[in-house]
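As C-alpha cells, the structure follows; a few thoughts come after it.
Since every read-out is calculated from the coordinates, none of them should be taken as a lab result. Every value quoted in this text rests on a predicted model; they were computed, and no experiment measured them. Reconstructed Cβ throughout: ideal geometry from the backbone, glycine too, with neighbour counts over all protein chains shown.
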Amino acid sequence: MDGADEDGLVGVGADLEPGTILAAYRRGLFPMPLGHGRHLGWWSPDPRAVLPLEGLRVSRSLRRSLRHFEIRVDTAFDEVIEACANPSRPHGWISPDIRFAYRRLHEMGWVHSVEAWHEDGDLAGGLYGVAIGGLFAGESMFHRRTDASKAALVGLVDLLRAGDATGRVLDVQWMTPHLASLGAVEVARKEYLVLLDEALSRPLPPLFRL
C-alpha cells in the first residue's frame, strides 16, 4: 500500500474476475474506473471512511421517515445496481463492466442489496456492497424519495448489529458530508487494515450468509 498516490490509487489494470475482486477487498482495495472508464483503478484511500455500528446518527426527522419504508435484502438487486449506475447521476462511475462483475458476485452470494421500499409499494432507494466475513464494503446508494437511501443505510446497520456484531466493519470508502452527518468517521489506512483483519475473521451477519 505504500505505493498509493495521494488519492489512494494503488494500481491500474488487472481484471474483474470474482477471485480478483474478492482478493482485493481482503487486502483493503476496491476497483473503480479511472476517467471515462477506459482503465480500471484499484484504490485504498488514506484516510478511509467507516461507519461505526454504534455511532450511527438518526435524526428525529429521519426517524419519522423510517416509518414509511420497509427494508428488504436482495429482492431487487438488478434494479438497485441499475439505479446506482444511472449515467445522469453526477460523478457516475459504475461502468457496464462493473455492473456485470458485481452481478456475478451477487449470484455467487458475495454482493448484496439493501432496499428501502416505500409504503406505497415502490422501490424508493437502496444500496449494494460486498460482504466478506464481518466486513460490509458499501459501494453505492441511490434514492427516489427523500431519506430513502438513509433508510437503507439504517437498515444495513441494523442487519450488521444482529447477533454477535463484535469486530464487524462497515466500510464506506471516502468521506462525504452526507456520510459524516450519519456518523461516519475517518481512520488511517494502517488502522483500517487492522480493523479489516479482525472483521475478516468474523462470521457473516445471518441474512448475508452464503
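Among rounded, prolate and oblate, which fits the stretch 47-208 when a ≥ b ≥ c are the square roots of the eigenvalues of its C-alpha gyration tensor, a/c under 1.5 means rounded, and a/b larger than b/c means prolate? Here the stretch 47-208 falls in the rounded category. Under a Gaussian network description of the chain, with springs only between Cα atoms under 10 Å, the residue in R99, R161, R38 that fluctuates furthest is R38. Between the listed residues V12, L179, A85, the Cα displaced farthest toward the positive end of the dipole of the chain, a dipole computed from Cβ unit charges relative to the Cα centre, is found at L179. Between L62, F142, G125, whose Cα lies farthest towards the positive end of the dipole of the chain when Lys and Arg beta carbons carry +1 and Asp and Glu beta carbons carry -1, centred on the Cα centre? Of the listed residues, the answer is L62. Seen against the Cα atoms of the chain and their longest principal axis, helix 148-161 is set at about 80 degrees. Each Lys and Arg Cβ is given +1 and each Asp and Glu Cβ -1; about its Cα centre, the stretch 47-208 then shows a dipole of about 460 debye. The listed peptides 188-194, 129-135, 58-64, 102-108, ordered by packing as a protection proxy, come out as 129-135, 102-108, 188-194, 58-64 (highest mean of other Cβ atoms within 10 Å first). Dividing the mean sequence gap of close Cα pairs (under 8 Å, 6+ apart) by how many residues the chain holds gives a relative contact order of 26 percent. In the chain, the longest principal axis of the Cα atoms and the axis of helix 96-108 are about 70 degrees apart. For Y128, Y25, the sequence from fewest to most other C-beta atoms within 10 Å is Y25, Y128.
Here the peptides 112-120, 9-17 are ranked by packing, the mean other Cβ count within 10 Å, and the order with the highest first is 112-120, 9-17.
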